[in-house]
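Let me begin by presenting the structure, written as structure tokens, before commenting on it.
The values are calculated or read from the model by the stated rules, or taken from the named source; none is laboratory data. All values derive from a computational prediction rather than experimental measurement. As a convention, Cβ positions derive from the backbone with ideal geometry for all residues, glycine included, and neighbour counts pool all protein chains shown. Heavy atoms of the whole protein, side chains included, go into the accessibility calculation; ligands, DNA and RNA do not. Shrake-Rupley method; radii C 1.70, N 1.55, O 1.52, S 1.80 Å.
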Amino acid sequence: MDNKKTDTEIKLLADEEIFWDQYVQNCSEASLYHLVGWKRVIEKTFGHKTYYLYALQSNSIVGILPLVFFNSKLFGKLLISLPFFNYGGIAADSNDTRKILLENAINIAQLEGAEHIELRHMENYNLGLSTKTSKVLMLLELPSTAEELWKSFKSKLRSQIRRPEKEGFTVKFGEMEEVDNFYEVFANNMRNLGTPVYPKQLFKNILLEFGDRIRICTVYADDRPIASGFIAGFKDTLQIPWASSLGKYNRFSPNMMLYWNILKFACDEGYKNFDFGRSTPNEGTYKFKKQWGAKPVQCYWQYWLASGEEMPEINPHNPKYKYAIEIWQRLPLSVTKFLGPKIVKFIP
């Protein structure tokens, strides 16, 4: 994959994982999900083919692009960077390098017969691509102490946090020993949302790969898990890619107790930012995150589209998925746990 117009060489990742991750640590554009460990997690959990491209100049990495290939009966052939998560796309030292990496990705897409490439960027890079801006990330800049954060909250928010404490609910942080409890809450919530659930093995594989970066926080009513969040730290940011609570306990606001304890943990561990995850502006989850002081940061999902294709709408708001969602919500939890992982592996 040589580029004759420049001194940049594009390669597929083989045994250069240490150098790849060093680049991720030092590149301001790179996120947790650019680390090479996610390649192993996705391959082990879902069996998808991956293409991890990197750009070399003078034997130094100057750009990376992790890609996952989907061959789905539901949605066709796709290249995604990175599926299942909010972040991905190209991380590079220059726009010229981004363009060269994109050219090589397009070559792979054409060889595989992919209908589109989806790059989940946090910047609107000048790459000549169709761009979707329907989502934002909700980010909270953290003070140096949890006490300062508490004082910044409005009285209504503080009272909502105290409510589950008055009910005697307790909180526990853990790792692998908390996966079953997290998954029980998570699977229940996904069924209620009408969304196929990930396999439990995904979360185990993440912990096995990134154990020192991962924690699970769970709220208990007596011995029953009623809310739980899966949190991951990288550089100066702690994020919560998955969080759920049991609907029958919503009147006690266990999710408020969950998020407050996670935010305290973030302050205590010295993180500077907390990433609440992506939302659609002015919808329910957006307003929930905003009340904590989080501010929106625009997402730019950029697409290379095969001839005649339109930007995909693979999301619950697409009307054509309405009836499938309603049917899924009526299924027994045991059925959704069995069928969900077989379906969700093909939903990016």
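Scanning segment 281-298 for residues that are touching a residue at least 60 places away in the same chain (Cβ under 8 Å), farther than 14 Å from LEU149 by Cβ and of a type in the set (Phe, Trp, Tyr) returns a single hit, TYR286. Counting only residues that are under 24 Å from CYS299 (Cβ atoms) and not in a helix (DSSP H, G or I), which one in segment 1-42 is most open to solvent (accessible area, probe 1.4 Å)? Of everything passing the filter in segment 1-42, SER28 is most open to solvent (accessible area, probe 1.4 Å). Among the residues of segment 43-61, write down those that are open to solvent by less than 60 Å² (accessible area, probe 1.4 Å) and charged (D, E, K, R). Within segment 43-61, no residue meets the criteria. Just so you know, in segment 89-108 the residues that are in a loop (DSSP other than H, G, I, E, B) and not acidic (Asp, Glu) include one that is surrounded by the fewest Cβ atoms within 10 Å (Cβ to Cβ), and it is SER94. For LYS99, are the conditions met, namely being over 21 Å from ALA306 (Cα atoms), charged (D, E, K, R) and out of contact with any helix residue (DSSP H, G or I) (no Cβ under 8 Å at 6 or more places or on another chain)? The answer is no for LYS99.
For segment 176-190, filtered to residues that are more than 19 Å from the chain's Cα centre (by Cα) and open to solvent by less than 40 Å² (accessible area, probe 1.4 Å), the residue that is nearest to THR218 (Cα to Cα) is GLU178.
Given the structure, is VAL197 touching a residue at least 12 places away in the same chain (Cβ under 8 Å), part of a loop (DSSP other than H, G, I, E, B) and not small (Gly, Ala, Ser)? It is true that VAL197 is touching a residue at least 12 places away in the same chain (Cβ under 8 Å), part of a loop (DSSP other than H, G, I, E, B) and not small (Gly, Ala, Ser).
When you scan segment 208-267, how many residues do you find that are outside any helix (DSSP H, G or I) and not β-branched (Val, Ile, Thr)?
Of the residues in segment 208-267, the ones outside any helix (DSSP H, G or I) are 214-246, 253.
Filter once more, keeping what is not β-branched (Val, Ile, Thr): 215, 217, 220-225, 227-230, 232-236, 238-239, 241-246, 253.
The total comes to 26.
Looking across PHE153, PHE173, PHE169, one residue alone is over 28 Å from CYS299 (Cβ atoms), within 27 Å of the chain's Cα centre (by Cα) and either open to solvent by 50 Å² or more (accessible area, probe 1.4 Å) or in contact (Cβ under 8 Å) with a residue 60 or more places away in the chain (or both). It is PHE173.
Between ASN124, ASN86, which is at pLDDT 95 or above and either within 25 Å of the chain's Cα centre (by Cα) or open to solvent by less than 80 Å² (accessible area, probe 1.4 Å) (or both)?
On the way: ASN86 fails: at pLDDT 95 or above.
Going through ASN124, ASN86 in turn, just one is at pLDDT 95 or above and either within 25 Å of the chain's Cα centre (by Cα) or open to solvent by less than 80 Å² (accessible area, probe 1.4 Å) (or both): ASN124.
On inspection, THR237 fails the criterion of being touching a helix residue (DSSP H, G or I) at 6+ places or on another chain (Cβ under 6 Å), β-branched (Val, Ile, Thr) and open to solvent by less than 40 Å² (accessible area, probe 1.4 Å). Go through segment 145-187 and give me each residue that's in a helix (DSSP H, G or I), farther than 16 Å from ILE231 by Cα and among the polar types (S, T, N, Q). Matches in segment 145-187: SER152, SER155, SER159, GLN160.
Among the numbered conditions (1) open to solvent by 40 Å² or more (accessible area, probe 1.4 Å); (2) modelled with pLDDT of 95 or more; (3) within 19 Å of the chain's Cα centre (by Cα), the only one that THR195 does not meet is (2).
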